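Novice: Sharing a structure, written as structure tokens. Questions coming.
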Amino acid sequence: MIKQRPTPITEENFAPFGNYWNLCTQPKVRASKYEEYLTTDEPVYQPMRFGMTMCENGNRFAVRSMERHNTTEEVLFAADKPIVLSVAGSDPAGDPLAEDVRSFLLKPGDAVRMNKGIWHDACHAAKGEAFYYFMAHGTGQGDEIVWHDVQGPMVEVEL
Amino acid sequence: MQVTVVRATEENTKRYGKFVCLPKLEEFASDGWRCWITEEFCMDQAAKLGIGHSPQGAPYKVDAMQQHKKTKKLFAPGQGPVVIALAKPEGGKIPQAADVEALLLEPGDFLAIDEGVWYDACHAPDGPTYYFFASLETEDDSGYIPLQGEPVEVKM
């Protein structure tokens with residue numbers, strides 16, 4: 001069994017999988033009534049569909065299966081509470097490998113855009129229940145939305 | 001003038017843009033999660049992502065609003081429900097109190113307002129909150145313009 005704890009996400013440690021933004025440290029919107037912060041670049045660089053996931057978790061969870069989309073990036077951001085995102089940079093033409101699984105902790109205000117072909121599990125709440133938003137150009141078809149079992153020893157994420 | 005907050009629906013948001021209550025869509029689920037995603041694009045454009053912090057809840061005063069003429073703007077609640085005040089006066093006029101509506105967005109809702117719709121910053125029904133938005137607004141946008149005439153008090 002591979003045991004791991006989620007790593008607080010940073011631009012550097014997420015770079016192999018895509019882009020990361022801390023929305024709370026982006027430039028302040030000049031003409032705002034209160035405090036608003038907006039990215040300078042465009043995480044949503046093309047029209048995208050909009051979704052939401054409600055997730056739950058106890059003190060630990062297993063990363064048993066993953067999906068990847070070869071035709072669309074996926075933008076994802078924590079909404080009400082911290083969440084854990086598990087990804088793998090394994091060959092998108094094969095299966096996700098246990099040894100490649102990395103788990104990141106995202107707080108509300110943390111946003112990512114996963115590259116095409118990056119294996120990912122549905123996020124888990126860091127504690128109790130949480131929800132998060134996600135956006136993708138396509139909803140995927142055929143093998144794009146098939147969940148593949150993670151190959152190798154079981155990966156357990158402890159919180 | 002007072003305006004009472006009304007739950008956002010597809011019907012009462014039609015004139016402002018695109019509203020979706022995501023949990024009303026087809027559900028996908030597995031162990032420990034449930035998700036929903038629109039069949040259509042939420043906006044027909046690219047967008048920057050933002051977060052807004054509102055320090056106070058309702059009741060609150062709307063004495064100025066802003067609009068973006070070149071971008072749609074999507075709003076989605078953060079930690080809980082949010083109130084958004086909107087106006088779409090005829091003829092491209094600056095809004096007055098009678099034009100203002102206040103709509104409640106629950107977690108799981110999003111509202112993407114069209115170009116030119118006037119809006120105020122989101123607020124919680126009570127206390128501070130935060131919310132997310134997506135748009136292409138730039139430093140060239142007009143900023144908040146005072147309402148014509150009296151302000152509006154938004155109450156739950």
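The values are calculated or read from the model by the stated rules, or taken from the named source; none is laboratory data. Given the structure is predicted, the values throughout are model-derived calculations rather than measurements. Cβ: placed from backbone, ideal geometry, glycine included. Neighbour counts: every protein chain shown. Accessible surface areas use protein heavy atoms only, side chains included; no ligands, DNA or RNA. Shrake-Rupley method; radii C 1.70, N 1.55, O 1.52, S 1.80 Å.
Novice: Output the residues belonging to the range B:64-81 that are over 17 Å from B:TYR16 (Cα atoms) and more than 10 Å from every other protein chain (Cβ to nearest Cβ).
Specialist: Pass one, the range B:64-81, residues over 17 Å from B:TYR16 (Cα atoms): B:64, B:77-81.
Selection gives B:PRO81 alone.
Novice: Has the range A:30-46 got any residue that is touching a strand residue (DSSP E or B) at 6+ places or on another chain (Cβ under 9 Å), more than 9 Å from chain B (Cβ to nearest Cβ) and within 25 Å of A:THR72 (Cα to Cα)? Don't jump to the end; show me each part of the working.
Specialist: Filtering the range A:30-46 for residues touching a strand residue (DSSP E or B) at 6+ places or on another chain (Cβ under 9 Å) gives A:31-45.
Now narrow it down to the ones that are more than 9 Å from chain B (Cβ to nearest Cβ): none.
No, the range A:30-46 contains no residue that is touching a strand residue (DSSP E or B) at 6+ places or on another chain (Cβ under 9 Å), more than 9 Å from chain B (Cβ to nearest Cβ) and within 25 Å of A:THR72 (Cα to Cα).
Novice: Okay, moving on. For residues that are open to solvent by less than 20 Å² (accessible area, probe 1.4 Å) and assigned to a loop (DSSP other than H, G, I, E, B), scanning just the range A:32-88, find the one that is nearest to A:TYR133 (Cα to Cα).
Specialist: My answer is A:ALA79.
Novice: Still on this structure, please answer the following. On the given criteria, is B:ALA85 part of a strand (DSSP E or B), on the phi < 0 side of the Ramachandran plot and modelled with pLDDT under 95? Give the steps one after another, and end with the answer.
Specialist: Values: part of a strand (DSSP E or B): yes; on the phi < 0 side of the Ramachandran plot: yes; modelled with pLDDT under 95: no.
Considered against the rule, which asks whether it is part of a strand (DSSP E or B), on the phi < 0 side of the Ramachandran plot and modelled with pLDDT under 95, B:ALA85 comes out as no.
Novice: Which fully enclosed strands (runs of 3 or more DSSP E) of the range B:94-137 have 3 or more residues being closer than 17 Å to B:VAL62 by Cβ?
Specialist: Details: elements: B:101-105, B:109-113, B:129-135.
Per the criteria, B:101-105.
Novice: Does the range B:125-133 contain at least one residue that is of a type outside the set (Gly, Ala, Ser), within 14 Å of the chain's Cα centre (by Cα) and surrounded by fewer than 18 Cβ atoms within 10 Å (Cβ to Cβ)?
Specialist: Yes, the conditions are met somewhere in the range B:125-133.
Novice: Starting from the range B:20-45, take each residue that is at the interface with another protein chain (Cβ under 7 Å from one of its Cβ atoms) and farther than 16 Å from B:GLY108 by Cα and list its partners that are part of a strand (DSSP E or B) and open to solvent by 90 Å² or more (accessible area, probe 1.4 Å), counting only C-beta distances under 7 angstrom and pairs at least six apart or across chains.
Specialist: B:GLY32/A:GLU56
Novice: State which residue pairs qualify: first residue open to solvent by 20 Å² or more (accessible area, probe 1.4 Å) and inside the range B:54-67, second residue among the small types (Gly, Ala, Ser) in any location, beta carbons under 7 Å apart, and separation of 6 or more residues or different chains.
Specialist: Within 7 Å, the pairs are B:GLN67/B:GLY116; B:GLN67/B:SER142.
Novice: Yes or no: B:ASP141 part of a loop (DSSP other than H, G, I, E, B) and over 17 Å from B:GLY50 (Cβ atoms)?
Specialist: Values: part of a loop (DSSP other than H, G, I, E, B): yes; over 17 Å from B:GLY50 (Cβ atoms): no.
Criteria not met by B:ASP141.
Novice: Considering only residues that are modelled with pLDDT of 95 or more and open to solvent by 60 Å² or more (accessible area, probe 1.4 Å), which ones fall in the range B:29-39?
Specialist: B:ARG34, the sole residue that qualifies.
Novice: How many residues does the range A:89-100 hold that are out of contact with any Phe, Trp or Tyr (no Cβ under 8 Å at 6 or more places or on another chain) and open to solvent by less than 10 Å² (accessible area, probe 1.4 Å)? Walk me through how you get there before you give the answer.
Specialist: First pass over the range A:89-100, keeping only residues out of contact with any Phe, Trp or Tyr (no Cβ under 8 Å at 6 or more places or on another chain): A:91, A:93-95, A:97-99.
Still in the running and open to solvent by less than 10 Å² (accessible area, probe 1.4 Å): A:98.
Final tally of qualifying residues: 1.
Novice: Ok, one more. Taking the range B:140-151, which residues are away from chain A (no Cβ under 14 Å) and under 26 Å from B:LYS70 (Cβ atoms)?
Specialist: Narrowing the range B:140-151 to residues away from chain A (no Cβ under 14 Å): B:148-150.
B:GLN148, the sole residue that qualifies.
Novice: Which is facing chain B (nearest Cβ under 7 Å) and not β-branched (Val, Ile, Thr), of A:ARG60, A:ARG64, A:ARG49? Lay out the reasoning, then the answer.
Specialist: Values: A:ARG60 fails: facing chain B (nearest Cβ under 7 Å); A:ARG64 fails: facing chain B (nearest Cβ under 7 Å).
Every option except A:ARG49 fails the conditions.
Novice: Can I ask one more? Taking the range A:113-146, which residues are surrounded by fewer than 15 Cβ atoms within 10 Å (Cβ to Cβ), within 30 Å of B:GLU106 (Cβ to Cβ) and hydrophobic (A, V, I, L, M, F, W, C)?
Specialist: The answer is A:ILE145, and nothing else.
Novice: Go through (1) in a strand (DSSP E or B); (2) farther than 30 Å from B:GLY149 by Cα; (3) more than 8 Å from chain A (Cβ to nearest Cβ); (4) of a type outside the set (A, V, I, L, M) for B:LYS48 and report which single condition fails.
Specialist: Among (1) in a strand (DSSP E or B); (2) farther than 30 Å from B:GLY149 by Cα; (3) more than 8 Å from chain A (Cβ to nearest Cβ); (4) of a type outside the set (A, V, I, L, M), the lone unmet condition for B:LYS48 is (3).
Novice: Something else: I want to confirm something. Restricting to the range A:15-25 and keeping residues that are within 7 Å of chain B (Cβ to nearest Cβ) and either at pLDDT below 95 or more than 20 Å from B:LYS72 (Cα to Cα) (or both), which single residue is surrounded by the fewest Cβ atoms within 10 Å (Cβ to Cβ)? Before the answer, list the steps.
Specialist: Filtering the range A:15-25 for residues within 7 Å of chain B (Cβ to nearest Cβ) gives A:21, A:23-24.
Restricting the remaining residues to those that are either at pLDDT below 95 or more than 20 Å from B:LYS72 (Cα to Cα) (or both) gives A:21, A:24.
Working: A:TRP21: 24, A:CYS24: 14.
Top of the filtered list is A:CYS24.
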